[in-house]
1. Could you compute how much accessible surface residue 129 exposes when probed at 1.4 Å, giving the result in Å² to the nearest 10?
2. List the residues whose amide H sits under 5 Å from the amide H of residue 26, counting only those 5 or more places along or on another chain, with H placed 1.01 Å from N in the peptide plane.
3. Report the FRET efficiency, 1/(1 + (r/R0)^6), for residue 156 and residue 79, where r is their Cβ-Cβ distance and R0 is 41 Å, rounded to 0.05.
4. Check residue 69: other-chain or 5+ apart residues with amide H under 5 Å from its amide H, H built from backbone geometry?
5. Using θ = phi - 60° and the Karplus form 6.51 cos²θ - 1.76 cosθ + 1.60, what ³J(HN,Hα) does each residue of the range 157-170 get, whole Hz, x for Gly and Pro?
6. With θ set to phi - 60° and the Karplus curve 6.51 cos²θ - 1.76 cosθ + 1.60, what are the ³J(HN,Hα) couplings of the range 34-41 in order, to the nearest whole Hz, using x for Gly and Pro?
7. Would you work out which of 39, 54, 137 lies farthest towards the positive end of the dipole of the range 18-169? Charges go on Cβ: Lys and Arg +1, Asp and Glu -1.
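The values are calculated or read from the model by the stated rules, or taken from the named source; none is laboratory data. Computed from a prediction, not measured in an experiment: that's the story for all the values here. Here Cβ is always computed from backbone atoms with ideal geometry, including for glycine, and neighbour counts include all displayed protein chains. The accessibility values were calculated without ligands, DNA or RNA, using every heavy atom of the protein model including side chains. Shrake-Rupley method; radii C 1.70, N 1.55, O 1.52, S 1.80 Å.
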Amino acid sequence: MGDRRTPAAAEAIAASRGSNSRTSAIGDCAVEIAGDVDGWAEIVTAERLTEFATRALRRGPERATSVAIVLSCDDEIRDLNRRFCGKDRPTNVLSFPALSAPGGPAHLGDVFLARETIEREAAELAILVTDHACHLCVHGVLHLLGYEHDDDGSAHIMESLETAILSEFGIADPYGEEPAALAGPIQNNSHNNV
């Protein structure tokens with residue numbers, strides 16, 4: 001995917017990637033799954049995340065794009081959240097937009113997922129951890145596409161897109177009545193100025 005990431009995110013991804021980085025293409029969308037791919041296999045496969053990330057990428061204005069999904073842990077996410085967002089705590093997902101580069105498919109950016117937080121939230125919400133991880137993958141990619149949830153109007157648009165994508169895979173509306181516990185906001189820290 002070249003060197004089109006933000007320098008800070010590139011450093012973190014390089015440290016996380018190890019030998020388990022896998023890049024797949026579905027149509028004109030390239031998705032790199034990096035980090036602890038094998039350790040996450042019991043939660044969600046790289047292939048499944050690629051499907052969800054690709055479906056979210058296709059909601060963007062340009063079809064030919066790439067994204068990296070980094071399968072991480074609370075300690076790393078807490079460090080990134082502290083360094084780049086000023087919040088000294090783990091969160092479930094962080095999105096880091098890439099710097100623009102001319103020519104070729106545009107690398108949209110990098111989405112980091114925190115295993116322990118996602119597992120804990122899924123247990124608290126009584127939902128499948130696989131579904132929650134896929135939802136947060138979609139959520140992070142939509143942030144990279146410019147969607148936000150800062151106010152009711154933008155939250156409604158973003159949540160509607162998330163719900164539509166998830167429904168294509170048979171996953172229930174995470175913001176609906178079932179499960180009731182998911183009525184609260186998603187803990188996301190999209191960092192748009194790295």
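1. 40
2. 31
3. For R0 = 41 Å, the calculated efficiency reads 0.80.
4. 32, 33, 34, 111
5. Along the range 157-170, the couplings run 4, 5, 5, 5, 5, 4, 4, 5, 5, 4, 5, 4, 10, x Hz.
6. Per-residue couplings from phi come out as 10, x, 7, 4, 5, x, 8, 4 Hz.
7. The listed residue farthest towards the positive side: 54.
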